Amino acid sequence: MRLKFIPVIILFLFFYYSALAQVPKGFKPIFNGKNLKGWHISRTTHQGTTPNFHVENGYLIVKQQPYGQGGVLLTDKKYQNFELYLEAKIDSFSNGGIFIRSSESGIAYQIEFDESAGSTGNLYGERMPVSKVMQATERAKAWKANDWNSFRIRMVGEIPHITLWINGVQIWEVKQPKNDFTAGAVAGMIGLQSHWTALFSPTAGDWNGLNSWAPGAAHRFRNIAIKELDKNLKE
Amino acid sequence: MLKKLVVMLLLGYVWLPNISLMAQAEAVTNSFGMEFVLIKPGSMLVGKYQPTVGEYKPPVVRAGEQPQWVLPPKAYKVAAKMAQEAAKPGFTVTIKRPYYIGKFEVTQEQWQKVMGNNPAFFQGSRVKDDTGKHPVENITWQDAQTFIKKLNKLDKEHIYCLPNEFEWEYAARAGAEDDILWANARKMGIISEQITRAVGSKEPNAWGIYDMIGNVWEWVQDYYNDKIFADPVPPQSGKEHVLKGASFTGDAKNATYLTHAAGPGNGFDVGFRIVMEVR
């Protein structure tokens, strides 16, 4: 009688583990699913210095904290040439994204997340002008709305050569004409952002930014992993 | 006779510092060319959080374009409630003693004179004008302390230290009770730029002090409390020290008196200014 359950258990375990998507071969996890070891909060980004980044059910959750103040979570380690893989599930009306080669205050190339603005997957600069901004015009081919989507970002070279795949589909590839970092950085941290929406006081100005982060909105991340590439790699 | 002498000495002890206080000059320049402004006692409200919400605006429809997505009006009601719950009344800080604060951030030229080196990232070919007039940066809190120690040895007339966070904020506010208007942050602060500028390039604040907002982050004496704003009493220990005023890479969002940030920062946009008293 009991033996009958064994195939059921095996089947359950099979589906359970295949449902938990795995990091691709050759990639090393940089988020352990339990806590934020290896990560820290930027205390100098204008987005906010006290964001709510925490781990829940194995996912890295990105929110504002207190109301109106976002922030940037950074890896402790700096990466030069690499491929980054992660899976993200993002709410509508929540502007954020993935920072690559970020400085401590969050000066970085950014893979934008903003479903309501339709700009998810675009390449922008955070606190710096980027020579070649990229639009994720092909994203619809691969995108799963209101669901988990995988991002793979390849970043190589002193003059950055950047490629983005979403759910395994190449969305764009760009070779910048120059290194856009003010301090000429060739390495930097991986960062995750939640956008600010509130000024400290109405005296500062009349700002209408609620569409950048709906009350209580969140980004969820899992399977964050990196494959470091040769420092001397040229493409 | 001896009694008289004791009384006279005591009187002198009580009266003399006050006399010297009354006689304090509004501005002082030390032998290294560093200019200081006298800050008089007073009080201010610190850490008041009144987060803004904004108002619902219907989507903009442009010919030939997808209509813009906007949050519904009810989201603004939820936000207003959250903003109200997050609001903080702040607390009053009284500055009891007058002090002198640097009219400018410590420059590379001044650092060079005192320390005999220049650690700044933005110098030489990276800067188009006179590097010496740009603020020194790429210094840790400990480096700032080393500079102050050296300066205290070299200058026999004055005593220097970093301002504490409240001394910094009081001088930055220059009497402003609430936050700084964005437009004024841009007039007074070097922000949303890609490198430092010579100190004093923008307008001074109401008390004649330059670049409290922008150019480089400024180290203050206090340890960081991991909170959005300071506590009435700073922590006795900690890993990082507080940074104030934002830098050239800052936005009007954080280039305000209130921003309570912390190290390590980028390095290339982190400097300091000092406070001084007459020996």
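Observations
- Three-way shape call for chain A based on the alpha-carbon gyration tensor, with the a/c threshold at 1.5: oblate
- Along its first, second and third principal axes, ordered by size, segment A:113-235 spans 50, 36, 25 Å in Cα coordinates.
- Stretch gain in nm, segment B:S237-B:V278, where the contour uses 0.36 nm per residue and the Cα spacing is subtracted: 11.9 nm
- Global form of segment A:56-123, assessed from the alpha-carbon gyration tensor, a/c cut-off 1.5: rounded
- Threshold 40 Å², segment B:232-253 residues less accessible with all protein chains present than alone (1.4 Å probe): B:T249, B:D251, B:K253
- Helix A:5-19 axis, angle to chain A major axis (alpha carbon atoms, nearest 10°): 10
- Most positive-pole-ward Cα, B:L243, B:H134, B:Q24, against dipole of chain B from beta carbon charges: B:Q24
- Only Cα sites of segment A:170-235 enter the Debye sum here, all with the same form factor; the resulting log10 I(q)/I(0) across q = 0.13, 0.19 1/Å is -0.74, -1.06, listed in q order.
- Interface residues of segment A:39-67, defined as a loss of at least 50 Å² in heavy-atom accessible area between the chain alone and the complex of all protein chains with a 1.4 Å probe, are A:R43, A:T44, A:H46, A:Y67.
- Segment B:159-279 - charge dipole about Cα centre, Lys and Arg +1 at Cβ, Asp and Glu -1, debye rounded to 20: 320
- Computed FRET value (nearest 0.05) for B:K81 with B:S31, which takes r as the C-beta separation and R₀ as 41 Å: 0.10
- Per residue value of the accessible surface for the protein assembly as shown (all protein chains in place, 1.4 Å probe), Å²: 47
- Accessible area buried between chains B and A, both sides summed, probe 1.4 Å, in Å² to nearest 100: 4000
- Element breakdown for the protein assembly as shown at a 1.4 angstrom probe: carbon and sulfur atoms account for 57% of the accessible area.
- Sorting A:V186, B:V28 by solvent-accessible area of protein heavy atoms yields A:V186, B:V28, largest first, with a 1.4 Å probe.
- Test item: Cα-centred dipole of the protein assembly as shown, Lys/Arg +1 and Asp/Glu -1 on Cβ, debye: 1080
- Of the residues A:W196, A:P215, A:N146, the one whose Cα sits farthest toward the positive end of the charge dipole of segment A:80-235, with +1 on the Cβ of Lys and Arg and -1 on the Cβ of Asp and Glu, is A:N146.
- Among A:L86, A:L210, A:L199, residue whose mean-square fluctuation peaks in a GNM of chain A (springs only between Cα atoms under 10 Å): A:L199
- Dipole size of chain A about its Cα centre, with +1 on Lys/Arg Cβ and -1 on Asp/Glu Cβ: approximately 840 debye, rounded to the nearest 20.
- The protein assembly as shown - Rg (one decimal) and Dmax (whole number), Cα, Å: 26.3, 113
The values are calculated or read from the model by the stated rules, or taken from the named source; none is laboratory data. Since the model is a prediction, treat every value here as computed from it, not as a measurement. Cβ coordinates were reconstructed from backbone atoms using ideal geometry, including for glycine residues, and neighbour counts include every protein chain displayed. Note: areas computed on protein heavy atoms with side chains; ligands, DNA, RNA excluded. Shrake-Rupley method; radii C 1.70, N 1.55, O 1.52, S 1.80 Å.
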